[in-house]
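Contents: one structure, followed by commentary.
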Amino acid sequence: MTRVLLIDDDEALGSLLQKYLAQFGFRLTPTATPESGLRQLRAETYDVVVLDVMLPGMDGFSVLRRIRESDGVPVVMLTARGEVTDRIIGLESGADDYLPKPFEPRELVARLQAVLRRRSGAAPDDVVRAGALVLNAATRTATVDGAAIAVTGAEFDLLLLLARHRGRVLSRDRILDETRGADFESFDRSIDVMISRLRQKLGDDVKRPAFIRTVRGKGYVLSADES
């Protein structure tokens, strides 16, 4: 079964999801505090984490940053408000998807399946090269001139998509469909945030980018020129 770690202080929700997700092949372990969730993640191996933003003692964004210090496990965040600001903060911290509360359990199943499908969709030997940039889809690692760069799961998905379509302009809608799934609520700002962070990590000059170029009114393209 697919192992899911839930970090949410709503114990009734945890009990409900534990029973519901079992029908779809998920074995959910509920934890009610940030500390217990992080402790459980260190002790066991999980396929995906479901993390609430509103937690006692430490908010979900801080927990996510702690997770990303040592673990690339996919993370789906639960937000009470579902505001764009919350989602952008989560994106910057390394979240893979978002689900605003309240939600239907079946929608959570769909999100979990989509996240796991994106993570497992690459061929084992799938290495994509774009000049000095090398992406390994099996290990989900990125290097520039042989030096590793630290990218989140969502950032890697975006970079891999651009690299596989090198020289072709991809619209924001296309990027959202390919990297988030059609059920993800589109909001252009999330893509802009990721592009900005990727440029910083790649050492790209915004005015004369060697990697990611903005095509006004159309989208983004990974340069076809040698870096």
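When each of V128, V115 is tested for being in a strand (DSSP E or B) and in contact (Cβ under 8 Å) with a residue 12 or more places away in the chain, the lone residue that passes is V128.
Condition check: within 19 Å of the chain's Cα centre (by Cα), assigned by TED's automatic domain parsing to the domain that holds T214 and surrounded by fewer than 19 Cβ atoms within 10 Å (Cβ to Cβ). Does T143 satisfy that? Against the criterion (within 19 Å of the chain's Cα centre (by Cα), assigned by TED's automatic domain parsing to the domain that holds T214 and surrounded by fewer than 19 Cβ atoms within 10 Å (Cβ to Cβ)), T143 qualifies.
Summed over region 115-129, residues that are modelled with pLDDT under 85 and either of a type outside the set (A, V, I, L, M, F, W, C) or surrounded by 15 or more Cβ atoms within 10 Å (Cβ to Cβ) (or both) total 9. In summary, T79 fulfils each of the numbered conditions (1) at pLDDT 85 or above; (2) among the hydroxyl-bearing types (S, T, Y); (3) buried (at least 17 other Cβ atoms within 10 Å of the Cβ) with the single exception of condition (1).
Each row is one residue, and each column tells you yes or no for (1) β-branched (V, I, T); (2) surrounded by 19 or more Cβ atoms within 10 Å (Cβ to Cβ); (3) at pLDDT below 85.
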{"residue": "L158", "(1), (2), (3)": "no, yes, no"}
{"residue": "L162", "(1), (2), (3)": "no, yes, no"}
{"residue": "R166", "(1), (2), (3)": "no, no, no"}
{"residue": "V169", "(1), (2), (3)": "yes, no, no"}
{"residue": "R174", "(1), (2), (3)": "no, no, yes"}
{"residue": "T179", "(1), (2), (3)": "yes, yes, yes"}
{"residue": "A182", "(1), (2), (3)": "no, no, yes"}
{"residue": "D192", "(1), (2), (3)": "no, no, yes"}
{"residue": "R199", "(1), (2), (3)": "no, no, no"}
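Condition first: in contact with a Phe, Trp or Tyr (Cβ under 9 Å, 6 or more places away or on another chain) and at pLDDT 95 or above. Now tell me which residues in region 29-50 satisfy that. Hits for region 29-50 are T29, Q40, V48. Within region 40-71, the residues that satisfy the criterion of being of a type in the set (S, T, Y) and closer than 18 Å to T2 by Cβ are T45, Y46. Scanning region 53-76 for any residue that is of a type in the set (S, T, N, Q) and modelled with pLDDT of 95 or more turns up nothing.
The values are calculated or read from the model by the stated rules, or taken from the named source; none is laboratory data. Given the structure is predicted, the values throughout are model-derived calculations rather than measurements. Here the Cβ is made from the backbone with ideal geometry for all residues, glycine too, and neighbour counts use every protein chain on show.
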